[in-house]
Amino acid sequence: MLKLNFKPFFSTIPNKLKIPIVSFSISSSLQSQPPTVRQNVSLNKLPTTTNSLSSPPPPTSAYIHLPFCRKRCHYCDFTIVALGSSSSNQFNDEDDPRITNYVQLLCREIKATKPISNDNPPLQTIFFGGGTPSLVPPKLVSSIINMLKEKFGVCSNAEISIEMDPGTFDDVKMKELLELGVNRVSLGVQAFQEDMLRKCGRAHGLKEVHDAIEIVKSCGLENWSLDLISSLPHQTTEMWEESMELTIQASPTHVSVYDLQVEQGTKFGSLYTPGEFPLPSDTQSAEFYKMASKTLCNAGYEHYEISSYCKKGYKCKHNVTYWQNRSFYAFGLGSASFLGGVRFSRPKKMKEYTGYVQDLENGLVLDNHSTGLVDTKDMAIDVVMLSLRTAAGLNLRSFGESFGSSLVLTLCKAFKPYVESGHVIALDEKRNSFSADELIALLSNEGKIEEMVAVMRLSDPDGFLLSNELISSAFAAIAP
């Protein structure tokens with residue numbers, strides 16, 4: 001559950017969707033020198049009050065934050081409520097009042113939220129993130145889904161995802177969730193070594209990992225993701241290779257690979273310094289990333305986003321909403337929505353969140369998605385950052401239509417040295433790539449750029465590894 005994982009984003013995208021990735025100095029790379037500095041793309045630094053240039057389509061996705069965990073992992077700085085490992089039996093429906101009261105409060109928030117428009121389409125994706133949502137009894141998950149159906153409507157074929165941790169569910173709970181309509185699971189394995197799990201402060205062990213994988217598969221669920229963390233303390237190449245092999249053996253249809261980010265205020269933050277032993281060096285972290293990309297792609301997975309891999313037809317539809325900068329609802333403690341071009345975060349402390357819900361019910365909360373303000377540069381930066389995290393890349397045609405052809409030319413000029421170095425790839429409308437010389441020739445005839453160059457994307461894995469500096473270069477070009 002790192003910031004490499006996706007929950008709502010930026011400060012408004014789900015925490016598990018905040019996905020920093022190892023990134024090195026591009027100047028070092030261009031000089032063919034070993035990278036020396038790790039930098040992470042920080043989604044939190046993006047604007048939080050941007051509006052689209054025209055009225056965006058109404059949201060068809062909802063993120064639900066269920067903050068409960070048995071304990072706080074050593075790397076975690078998310079908004080959670082630690083229940084304690086011995087709080088209650090996580091395999092039955094025994095009610096914990098902390099969970100029950102919270103779900104009731106969350107349902108009140110959903111009920112009090114105004115739809116973005118009178119003809120709001122039904123939800124196409126729902127994502128239960130946390131925390132450890134699998135600690136919540138299925139009957140309470142059902143109450144949330146029913147409230148969403150009542151308030152917004154839910155498509156009959158909607159993708160309904162839930163994050164689950166090994167050791168928090170059995171086959172009975174799994175089947176009950178599937179009967180409710182849950183049809184996608186994100187399984188927080190994180191590592192396949194007992195020692196690694198213990199050093200991370202995970203509440204589960206290796207036996208629970210294998211048991212959880214078997215339960216998911218035995219229940220007939222095909223659409224499930226296995227989540228891993230790289231660059232953990234004392235992690236070796238051999239350990240990472242073993243994790244890759246066991247992941248492929250488990251045969252999930254989706255894999256998320258997150259690079260550890262050491263956060264201030266966490267146990268890891270007090271013990272370790274990024275890039276210094278026992279954490280892997282920057283070079284080792286890059287090798288972990290490259291190994292994951294090569295191994296998973298060779299096994300038939302598509303590397304469709306910096307940290308995400310899938311079998312054909314199994315992209316996470318909910319997370320694609322984030323990458324395409326589309327509107328989404330969010331509900332729950334610390335969650336953040338993106339409505340009408342505005343990113344809005346809820347309070348992270350339970351007392352303040354309770355007050356927020358009461359104010360919402362009493363009509364005292366400002367309708368943040370209808371301010372009508374438009375910040376063109378901020379919106380352009382959002383689009384560039386999110387698009388470049390994906391294999392699809394940045395569509396220059398639609399970008400030019402929204403923000404002007406001059407900005408397309410500015411970006412192409414900014415990326416020219418990185419096309420020369422192989423970190424950025426320029427593509428035509430048929431996704432054929434331009435050589436660096438061809439792009440330079442087009443830049444000398446500015447009228448041809450928008451006509452010929454349709455997409456800019458980062459190369460895999462080298463461009464993805466340098467995403468922080470490449471995206472920063474784009475930011476500097478857009479807002480010098």
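The values are calculated or read from the model by the stated rules, or taken from the named source; none is laboratory data. It should be emphasised that the depicted structure is a prediction, and the values quoted were computed from it without experimental measurement. So basically every Cβ, Gly included, is an ideal-geometry build from the backbone, and we count neighbours across all protein chains shown. These area figures cover heavy atoms from the full protein model, side chains too; ligands, DNA and RNA do not enter into them. Shrake-Rupley method; radii C 1.70, N 1.55, O 1.52, S 1.80 Å.
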Problem set entry | Per-pair calculated FRET efficiency, R0 = 35 Å: Asn120 and Asp170 via Cβ, rounded to 0.05 | 0.40
For this session: Could you pull the accessible area for Thr236 with a 1.4 Å probe, rounded to 10 Å²?
Result: 50
Exercise. At a probe size of 1.4 Å, how large is the accessible area of Glu429, to the nearest 10 Å²?
Worked result: 130
Problem set entry | Rounded to whole Hz, the Karplus (6.51, -1.76, 1.60) HN-Hα couplings of the stretch 313-329, x for glycine and proline | x, 10, 4, 6, 4, 5, 5, 4, 4, 5, 5, 8, 6, 8, 5, 7, 7
Exercise. Taking 0.36 nm per residue of separation and subtracting the Cα-Cα distance, what length does fully extending Lys290 through Glu401 add?
Worked result: 36.4 nm
Problem set entry | Over the chain, relative contact order from alpha-carbon pairs under 8 Å, at least 6 apart, % | 20
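Regarding the chain, what whole-number volume in Å³ per residue does the convex hull of its Cα atoms give? Can you show the working numbers first?
Working: hull volume 67.5 nm³, N = 480.
Taking only Cα atoms, the chain has a hull volume of 141 Å³ per residue.
For the chain, what is the percent of antiparallel DSSP beta bridges, rounded to the nearest 5? Walk me through the numbers on the way to the answer.
On the way: 22 of 52 bridges.
Rounded to the nearest five, the antiparallel share is 40 percent.
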Exercise. Roughly speaking, what is the centre-to-centre gap between the stretch 371-412 and the stretch 281-317 when only Cα atoms are used, to the nearest Å?
Worked result: 25
Exercise. Given labels modelled 7 Å from the Cα in the Cβ direction, how far is it in nm from Phe277 to Thr100?
Worked result: 5.4
Exercise. If Lys173, Lys311, Lys267, Lys351 are ordered by their accessible area, calculated over protein heavy atoms with a 1.4 Å probe, which sequence runs from highest to lowest?
Worked result: Lys351, Lys267, Lys311, Lys173
For this session: Amide H neighbours of Leu394 under 5 Å, at least 5 residues apart or on other chains, H built in the peptide plane: list them.
Result: Met456, Arg457
Problem set entry | Over 29 Å (Cα to Cα) - which of Lys312/Lys430; Lys199/Lys317; Lys317/Lys416; Lys217/Lys312 fall in this group | Lys199/Lys317; Lys317/Lys416
Problem set entry | Cysteines not pairable in the chain (beta carbon separation under 4.7 Å absent) | Cys69, Cys107, Cys155, Cys200, Cys219, Cys297, Cys310, Cys316, Cys412
Exercise. Protein chains only, probe 1.4 Å: how do Met239, Met164 rank by accessible area, largest first?
Worked result: Met239, Met164
For this session: Name the long-range amide H neighbours of Gly131: under 5 Å, sequence gap of 5 or more, or other chain; modelled H, no Pro or chain starts.
Result: none
Problem set entry | Principal axes of the stretch 162-315: Cα extent on each, largest first, Å | 47, 32, 24
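Over the chain, with every protein chain in place, what whole percent of the accessible area is carbon and sulfur at 1.4 Å, could you tell me?
Working: 9240 of 18970 Å².
Carbon plus sulfur share of accessible area: 49 percent.
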Problem set entry | J(HN,Hα) series, the stretch 354-359, from Karplus relation 6.51 cos²θ - 1.76 cosθ + 1.60, nearest Hz, glycine and proline x | 4, x, 4, 5, 4, 5
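Sum up the charges of everything whose Cβ sits under 11 Å from the Cβ of Val255, counting Lys and Arg as +1 and Asp and Glu as -1, but leave Val255 out.
-1
Per DSSP helix of 4 or more residues, -39500 (n - 2.57); summed, then divided by the residues of the chain. What does that give at 222 nm, rounded to the nearest 500? All intermediate terms of the calculation are to be shown ahead of the outcome.
Details: 18 runs with 189 residues, N = 480.
After summing the helix terms and dividing by residue count, I get -11500 deg cm²/dmol.
Which whole-number percentage describes the relative contact order of the stretch 205-306, with Cα contacts under 8 Å and a sequence gap of 6 or more? Working shown, then result.
Working: 90 pairs, mean separation 31.7, N = 102.
For the stretch 205-306, the relative contact order is 31 percent.
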Exercise. Which value, in Å² and to the nearest 10, is the accessible area of Ile160 when all protein chains are kept and the probe is 1.4 Å?
Worked result: 10
Seminar exercise, completed: Summed over the other residues with a beta carbon less than 14 angstrom from that of Phe152, with K and R at +1 and D and E at -1, the charge totals +1
Seminar exercise, completed: Taking 0.36 nm per residue of separation between Leu178 and Ser251 and subtracting their Cα-Cα distance, the length gained on full extension comes to 24.3 nm
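Taking the Cα centre of the chain as origin and charging only Cβ (+1 Lys, Arg; -1 Asp, Glu), how large is the dipole, in debye to the nearest 20? All intermediate terms of the calculation are to be shown ahead of the outcome.
Working: 46 positive and 52 negative charges, 173 e Å.
Roughly 840 debye for the chain.
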Exercise. Does the stretch 376-478 classify as rounded, prolate or oblate by the C-alpha gyration tensor (a ≥ b ≥ c root eigenvalues; a/c under 1.5 gives rounded; else a/b over b/c gives prolate, otherwise oblate)?
Worked result: rounded
